[in-house]
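Down below is the structure, laid out as structure tokens.
The values are calculated or read from the model by the stated rules, or taken from the named source; none is laboratory data. In this text, all values refer to a predicted model and were calculated from it rather than measured experimentally. Glycine gets a Cβ as well: all are built from the backbone with ideal geometry, and neighbour counts include every protein chain shown.
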Amino acid sequence: MNPVPKGTVLFRAGDASSSFFIIEAGLVRVTRPFEPNAAFVSVFGSGAVFGERGLVAQGPRTATAETLCDSTLTEIACADFADAATKLPDLWAWLARQLLQRNADLERRIFSMTHLRVERRILLLLADFADSMEAVAEPHRLPLTQNDVAMLVGATRETTSTTLNQLQRRGLLRLGRGVIEVGSAVALRAASQSSR
């Protein structure tokens, strides 16, 4: 495990896919460019595995990954993992479970975008990230911009900004420059139950 400072670019789209990462603590933003002015953004928290393309496909990386806060990561060379897995086949089962969890998270995200109001999407997203930040020094200072939140919940920047300001007036969060401060994940989840 290695401590990695906030703002560290772990890899860029086009780099060789020679290793993957496990997040022990912190948050990592992964951005996949689609068009000159469009991108798909994912943010991964504690326990997540990302960057494993080199284990399952040839070719360069298709995304860029950057730490959003001081994080603790484990980097594993794809070749080392594949060698170890020949002796310990359970490693492939472990990786399959990680990818299945990511798929389940993606399905939940799609359901949220298509069935839940923007306010509830935002509350649940921030609660998840607050939980993920428990192991870092400032667990309730989420290093997310309003644009990050908009992309992650599938809403416009304007709607997201309006909703975040309403939540701030209700005392559920505080907006800062590139940071969203929340009181607790429990309070956010409780508020989401009345925001159907």
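Within region 162-195, being part of a loop (DSSP other than H, G, I, E, B) and touching an Asp or Glu at 6+ places or on another chain (Cβ under 7 Å) holds for one residue alone: S195.
Can you confirm whether F111 is in a strand (DSSP E or B) and either within 28 Å of L126 (Cβ to Cβ) or not assigned by TED's automatic domain parsing to the domain that holds T156 (or both)?
Taking the combined requirement at face value, the residue does not satisfy it.
For region 91-109, which positions are surrounded by 11 or more Cβ atoms within 10 Å (Cβ to Cβ) and within 16 Å of the chain's Cα centre (by Cα)? Of everything in region 91-109, those that are surrounded by 11 or more Cβ atoms within 10 Å (Cβ to Cβ) and within 16 Å of the chain's Cα centre (by Cα) turn out to be Q98, L99, Q101, R102, D105, L106, R108, R109. Scanning region 153-173 for residues that are under 15 Å from the mean Cα position of the chain (by Cα), buried (at least 16 other Cβ atoms within 10 Å of the Cβ) and not assigned by TED's automatic domain parsing to the domain that holds S46 turns up at least one hit. Is one or more of the residues making up region 11-27 within 16 Å of D148 (Cβ to Cβ), under 21 Å from the mean Cα position of the chain (by Cα), of a type outside the set (F, W, Y) and surrounded by 14 or more Cβ atoms within 10 Å (Cβ to Cβ)? Within region 11-27 (the criterion being within 16 Å of D148 (Cβ to Cβ), under 21 Å from the mean Cα position of the chain (by Cα), of a type outside the set (F, W, Y) and surrounded by 14 or more Cβ atoms within 10 Å (Cβ to Cβ)), the answer is yes, since at least one residue qualifies. Assigned to a loop (DSSP other than H, G, I, E, B), on the phi > 0 side of the Ramachandran plot and either among the hydrophobic types (A, V, I, L, M, F, W, C) or surrounded by 11 or more Cβ atoms within 10 Å (Cβ to Cβ) (or both), is that true of G47? Taking the combined requirement at face value, the residue satisfies it. For region 46-101, taking the residues that are out of contact with any Gly (no Cβ under 9 Å at 6 or more places or on another chain) and basic (K, R), the one that is farthest from D128 (Cα to Cα) is identified as K87.
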